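First up is the structure itself, then whatever we jot down about it.
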Amino acid sequence: MRKFMFAAVAAFLSGTFALAAQAAGEQDPAPSRSWSFSGPFGTYDRAAAQRGFQVYKEVCAACHSVKYLAYRNLRDLGFSEAEVKAIAAQYEVTDGPNDDGEMFQRPAVPADRFKSPFANDKAARAANGGALPPDLSLIAKARPNGANYLHALLSGYREPPADFAVPEGLHYNPYFAGKRIAMAPPLNADAVTYADGTQASVDQMAHDVTTFLMWAAEPKLEDRHSLGFKVILFLIVLTGLFYAVKRKVWADVH
Amino acid sequence: MAFQTNNRIIKWIDYRLPVFSFAHHSLIEYPTPKNLSYWWNFGSLAGIMLVVQIVTGIVLAMHYTPHVDHAFASVEHIMRNVNYGWLIRYMHANGASMFFIVVFIHIFRGLYYGSYKSPREVLWFLGVIILLLMMATAFMGYVLPWGQMSFWGATVITNLFSAVPYVGDSIVTLLWGGFSVDNPTLNRFFSLHYLLPFVIVGVVALHLVALHQHGSGNPLGIDRKGPQDSIPFHPYYTVKDLFGLGVFFIFFAFWLFYAPNALGHPDNYIPANPLVTPAHIVPEWYFLPFYAILRAVPDKLGGVVLMFGSILILFLLPWLDTSRVRSGRFRPIFKQFFWVFVLACLALGWAGAQPPEGLPLAISRVATVYYFAYFLVILPLVGWFERPRPLPASISEPVLGAGKMAAQPAREKA
Ligand code: HEM
């Protein structure tokens with residue numbers, strides 16, 4: 001372990017990025033899209049985020065956890081209390097120990113965290129050919145250009161160029177670092193049926209689930225934007241006053 | 001005017017513990033040169049940022065858990081569940097960057113106006129000590145959220161000490177509290193991260209004592225000749241500092257509310273994993289120039305020596321700069337080398353963020369050479385052969401003189 005770290009440090013200090021460069025590899029830049037949450041007045045498009053939750057729940061949740069979310073957080077996306085209760089109740093979670101010292105199963109309640117698909121990372125790897133599907137709670141902030149990247153990644157699977165070898169178990173995706181990803185294309189047209197009648201194209205689902213994941217990563221974005229506006233407005237007025245006073249006080253100097 | 005009051009309680013206390021006269025003396029009547037420019041605002045801004053970091057840091061520490069299994073989750077708990085936790089945490093994380101921006105400008109101000117020259121050498125040393133303490137504090141703070149960059153940044157930087165001859169490995173073991181960056185490392189870093197800011201407060205107090213001994217310098221770099229050159233700190237500089245603070249807080253608020261993660265690294269939202277090395281390990285932006293110096297040198301020990309040397313050399317500055325004129329304003333040749341120096345520092349910052357190869361590496365090497373040459377060769381020599389422009393007779397004179405100049409604009413040219 002220690003040796004390994006020294007090796008990493010040495011490689012990196014001497015500037016030979018051979019290994020790292022290979023791992024990072026080439027990757028196409030994700031095209032910019034417009035998002036409801038970008039810009040100083042951005043907010044989450046509730047309908048898109050709710051649809052995105054559906055995509056997560058029906059597709060991604062088979063492999064990916066979002067362990068920093070609790071069911072109660074869904075209230076922020078516009079789900080009613082009853083809806084949140086009903087969503088939570090669809091899952092069985094382990095609780096306990098009870099008075100007999102036994103762990104037991106019970107339906108989840110809004111205060112519970114989202115149930116993870118696997119008991120631990122080892123189990124997750126075992127089920128995914130050795131690759132670990134990362135927790136998605138923070139993924140939108142854990143990649144450069146997060147939202148655009150997620151959309152590009154999820155809708156960017158295609159046939160590899162003729163001279164590009166893709167080993168068994170990996171898939172070609174030009175937006176992924178190294179362009180070979182262990183996740184099979186997760187979205188196929190009409191993989192979900194949206195209750196609001198929106199056509200579930202791959203592009204649409206990628207857009208919706210990205211909105212959901214951005215909210216999962218930065219749930220206080222709307223508070224931040226609106227508070228920021230008020231604070232900056234206040235500071236501008238205050239600073240203007242200070243400036244006027246400063247001019248007045250300094251008028252007699254020189 | 002000495003401190004006066006009719007309040008009996010204040011009088012009673014002040015007679016026994018002169019806090020009120022002290023505050024009056026150093027914040028109200030404190031005579032200050034009347035010609036300070038806005039570059040002189042950055043000292044008070046730095047002081048305010050220190051307070052912001054301490055206040056937000058103490059609140060964070062109430063909710064943070066310094067344990068490898070819980071640190072990352074506890075920061076997320078702050079971001080999601082603590083009331084206004086996101087605000088406090090983003091203030092603290094971006095506040096560190098703001099603190100460095102302010103302090104860097106404060107230091108460059110000193111370099112340009114020769115603030116380190118007699119009789120302010122000790123004041124300057126105390127400032128350099130503050131910079132070193134700040135760097136240690138910020139480095140350890142960045143480890144606390146225990147993301148990928150926290151972990152790998154800590155690994156890389158602590159490993160540097162292994163280059164020290166003979167005792168290197170022992171130092172590293174001591175820093176780690178074991179044989180790798182692990183829970184003991186996180187615990188001691190948290191402990192020190194909590195402690196050092198208060199040490200900084202102590203050094204700042206000494207910095208101010210030294211400042212008040214001879215008073216602020218000024219853009220002309222000449223001593224005050226009499227009372228006509230000074231104005232009381234209050235209300236003149238209190239209101240000017242408040243105005244500067246307002247402008248600066250608007251700048252701060254922009255980052256805080258609209259780009260709170262722009263100055264950080266996305267990898268730090270991935271929990272630390274000792275088994276996965278990030279493709280590029282980069283420190284926080286304020287360390288990049290030093291990091292570039294480190295990597296510009298092909299030899300590990302040499303790189304470490306130059307990196308630390310780049311700051312320690314500031315201690316020698318009062319003797320390396322041989323010019324007797326303080327202000328760069330009257331030093332036509334120095335001025336040009338100074339701006340190239342600023343450029344070299346910016347270039348180092350840029351190169352520090354790139355993989356150390358090709359053009360960035362070449363640039364970081366050239367800039368490193370210039371960085372040291374500036375202190376060791378250029379400043380001593382320029383001080384000798386440069387002919388400074390004539391200094392004004394007093395602070396009040398050029399202010400009056402400016403009016404006269406305007407009345408007879410053609411004279412100089414004719
Ligand atoms: C010189 C003043 C200080 C500087 C420059 C500084 C800098 C930093 C930095 C860069 C981080 C990492 C932020 C992040 O990326 O999340 C951090 C985290 C932290 N600091 Fe400080 N800090 C200062 C003072 C303090 C003080 C006085 C305390 C406590 C009493 C404190 C407590 C914390 C805690 C608990 C964290 C972890 C939470 C987090 O990462 O957001 N800091 N600090």
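The table for this structure:
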item: Amide H within-cut-off set for B:Ile231, under 5 Å, with H built and near neighbours excluded; result: B:Thr32, B:Lys34
item: Average other protein chain Cβ within 10 Å of Cβ, residues A:224-230; result: 4
item: Relative contact order, percent, chain B [alpha-carbon distance under 8 Å, six or more residues apart]; result: 21 percent
item: GNM result for chain A, Cα springs below 10 Å: residue of A:Met103, A:Met205, A:Met183 fluctuating most strongly; result: A:Met103
item: Furthest towards positive pole of dipole, B:Phe104, B:Leu192, B:Leu391, structure part chain B, Cβ charges; result: B:Leu391
item: Distance between segment B:357-384 and segment A:99-113 - C-alpha centres, whole angstrom; result: 65 Å
item: Fluctuation leader among B:Tyr286, B:Tyr84, B:Tyr142 - chain B, Gaussian network, Cα springs under 10 angstrom; result: B:Tyr84
item: Point-charge dipole on Cβ atoms (K/R +1, D/E -1) for chain B, about Cα centre, debye to 20; result: 1500 debye
item: Alpha-carbon centroids, segment B:215-253 and segment B:5-61: separation in whole Å; result: 14 Å
item: Shielding by other protein chains, B:270-276, mean Cβ within 10 Å; result: 3
item: Entries in B:Lys117/B:Lys240; B:Lys34/B:Lys117; A:Lys122/B:Lys300 that, when Cα-Cα distance is taken, lie over 31 Å; result: A:Lys122/B:Lys300
item: 5 angstrom amide H check on B:Thr322, placed H, neighbours 5+ away; result: B:Gly383
item: Computed [θ] at 222 nm, helices only, for chain A once each DSSP H run of length n ≥ 4 contributes -39500 (n - 2.57); result: -13000 deg cm²/dmol
item: Within the accessible area of the protein assembly as shown (1.4 Å probe), percent carbon and sulfur; result: 65 percent
item: Value of relative contact order over segment B:98-229, rounded to a whole percent, pairs C-alpha under 8 Å and six or more apart; result: 33 percent
item: Residue list for segment A:167-195, given a label point 7 angstrom along the Cα-to-Cβ vector of A:Ala126 and an amide N cut-off under 19 Å; result: none
item: Cα centroid of segment B:282-311 to Cα centroid of segment A:185-245, whole Å; result: 39 Å
item: Relative contact order for chain A, counting Cα pairs under 8 Å that sit 6 or more residues apart, in percent; result: 26 percent
item: Built amide H within the under 5 Å cut-off of A:Ala70, gap 5+; result: A:Phe114
item: Estimated buried accessible area (total), pair B and A, 1.4 Å, Å² to nearest 100; result: 4600 Å²
item: For chain B, calculated [θ]222 nm from helices alone, where every DSSP H run of n ≥ 4 adds -39500 (n - 2.57); result: -20500 deg cm²/dmol
item: Selected from A:Gly146, A:Ala82, A:His225, residue furthest toward positive end of dipole (chain A; charges at beta carbon); result: A:His225
item: Accessible surface, per residue, of the protein assembly as shown when the full set of protein chains is kept, probe 1.4 Å, Å²; result: 50 Å²
item: Size of electric dipole in chain A: Cβ of Lys, Arg +1 and of Asp, Glu -1, about Cα centre, debye, nearest 20; result: 1060 debye
item: In segment A:66-109, GluC sites (Glu not before Pro) in a DSSP loop with at most 16 other beta-carbon atoms within 10 Å; result: A:Glu102
item: Accessible surface of B:His234 - all protein chains present, 1.4 Å probe, nearest 10 Å²; result: 90 Å²
item: Gain upon complete extension [A:Ala111, A:Asp223; 0.36 nm per residue less C-alpha separation]; result: 38.1 nm
item: Label-point separation, B:Leu195 to B:Ala136 (7 Å along Cα→Cβ), nm; result: 0.9 nm
item: 20 Å reach of a label modelled at B:Glu121, 7 Å along Cα-to-Cβ, counting backbone N of segment B:384-398; result: B:384
item: Size of electric dipole in the protein assembly as shown: Cβ of Lys, Arg +1 and of Asp, Glu -1, about Cα centre, debye, nearest 20; result: 2900 debye
item: Sites B:Gln213 and B:Ala353, calculated FRET efficiency, Cβ-Cβ separation with R0 30 Å, nearest 0.05; result: 0.15
item: Loop chymotrypsin sites (Phe, Trp or Tyr not before Pro), segment A:148-253, which have at most 13 other Cβ atoms in a 10 Å radius of their Cβ (DSSP); result: A:Phe164
item: Reachable lysines from A:Lys115, criterion Cα separation under 28 angstrom, eight or more residues apart if same chain; result: A:Lys57, A:Lys67, A:Lys85, A:Lys141, A:Lys220
item: For chain B, built as a Gaussian network whose Cα springs stay under 10 Å, the top-fluctuating residue of B:Gly302, B:Gly110, B:Gly221; result: B:Gly302
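The values are calculated or read from the model by the stated rules, or taken from the named source; none is laboratory data. Since this is a predicted model, take the numbers as computed values, not measurements. So basically every Cβ, Gly included, is an ideal-geometry build from the backbone, and we count neighbours across all protein chains shown. Each accessible area value is taken on the protein alone, full model and side chains, heavy atoms only, with ligands, DNA and RNA left out. Shrake-Rupley method; radii C 1.70, N 1.55, O 1.52, S 1.80 Å.
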